[in-house]
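Have a look at the structure below before the remarks.
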Amino acid sequence: MYPTRRNGATDHTPVTRRDLNLFKETVELGLTNVVKETMTKVIEEIVQTRGPAGYNADKEDNEVSPHKKRRPKGQPRHRQPDTNLFHKNIREHALRLMHRTQWDSPFTDVPMKAEVEAYKPALGPSCTSGRFRVDLSGVPSTDWNKSAAHVFVQSFHDAYPDCAKSSKDICVAWERHFNRLRQIYQDHQERARLAQVELAQIAAGHPADSSNVKTSSETLHQTRRRQERKSHVCFSHCRITYFHLIEILQLYLRRLHVAKFYSQQHPSAARAIEELGVSGMSSDDSDHESGGGAARYTIVSKDWRSGEVTELLRLLDALHLHLRYRNNWNATSGTWPHLRLISHKSSTRAAVKGLPRNFYARRFLVSLTQEAFDELQSIEQTLPMGIPDGLRELAKPYDIFNRRIVGGHANVSGSAGEEMTVAQADCGDRVLL
């Protein structure tokens, strides 16, 4: 519990697990969008190819189209008419599936908590289009709601066959609308609870005094304000998540730069990194908060990735060290990557969708249900990722298991002195992923 201060007083109201989960879901979605936008801008500026011959960038930048007007600061950004129509269809289709007539209609068929907890994806869809049921007490990422989202996408395709939006776009729009439905459902629940309290007071012979007792709407407003105050308590923890996302973005750009640098020797390496994207890079955890000594970073592995992908990423990390040491092991200035050690931790995030078939581990594909396999949207064709012998020999001297080499502290002879490699000193099987 983290106390907060308001008007000089300390609020010790405990933060429930449900509050944290809901806030985490919202913040992660927001941070992911921020990182994606930042990544797109950085990639366009750093790794974009040159324009066609005769293109004058300076002249283009200096000329401002007379029809293009700058949007006033602080004004809302209006969506295109086709986008508004698409979201309107999402809302109307949700009303029909849930047998509701308008936006504030009651929810009549919400699954019980025991049903949601007992559900497993192997049992099949959690609901059908004829009886569409979503867990409005949970977040969109639960097994039940993910299965329901798949049912919604299929039903939307059937109801709007002329819609040009992809299944991914429909799923994202549904999740956005689901969060709105969840807020409406919570408001209904809170109003029902307050109404029961008022009825209980009247039945007990304590009629409500309008001059002293707050109305249900006022109490509901205070509840929302209290939840907002609780959300600010977790902001410092969310900053750590934000910095982790920035590190993953830097890792992605570093590997993409190396892949483009050696594109003649390995033509498909850059495309493989672009297909994986930032979401295909493994994050890491640090034990530095435990105190004492230098921080140790452990990989949170992605079990869905194939061994071919892992080998290619390991090669690019070693080639990055080769570029940083130049000739005769002369380390360049600047920040060097930190050593990342493999662990038994596995990422709980879903696999990146729409990748070539050989990007996924065979054991991962076998473990999927038919519904999950269809949702993966993998491509039948494969992307060759075989490593040429020349690049393998070039990367061989750069031991990605050696702390001194990875940190830019190797001596002129290229060795790490008397220091044992991390693989020998710690637990043997270490990978820089």
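Just so it is clear, none of the values below were taken in a lab; they were calculated from the coordinates. All values derive from a computational prediction rather than experimental measurement. Quick reminder, even Gly has a Cβ in these numbers, built from the backbone with ideal geometry, and neighbours come from all protein chains shown.
Here is how the numbers come out for the structure above:
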item: Listed peptides 178-186, 191-199 by packing density, highest first (mean Cβ within 10 Å); result: 178-186, 191-199
item: The stretch 255-364 - convex hull of alpha carbons, volume per residue in Å³; result: 130
item: Calculated FRET value between Glu92 and His322, using beta carbons and R₀ = 45 Å, to 0.05; result: 0.20
item: In sequence order, calculated HN-Hα J values of the stretch 345-362 (Karplus, 6.51, -1.76, 1.60; Hz; x Gly/Pro); result: 6, 10, 5, 8, 6, 5, 5, 5, 8, x, 8, x, 4, 6, 7, 9, 5, 4
item: nm² value of the averaged projected area, convex hull over the Cα atoms of the stretch 305-375; result: 6.8
item: Base-10 log of normalised Debye intensity for the stretch 105-209 (one unit scatterer per alpha-carbon) at q = 0.11, 0.14, 0.15 Å⁻¹; result: -0.45, -0.64, -0.70
item: Protection-proxy order for peptides 99-112, 151-164, each taking the mean of Cβ atoms within 10 Å per residue, highest first; result: 151-164, 99-112
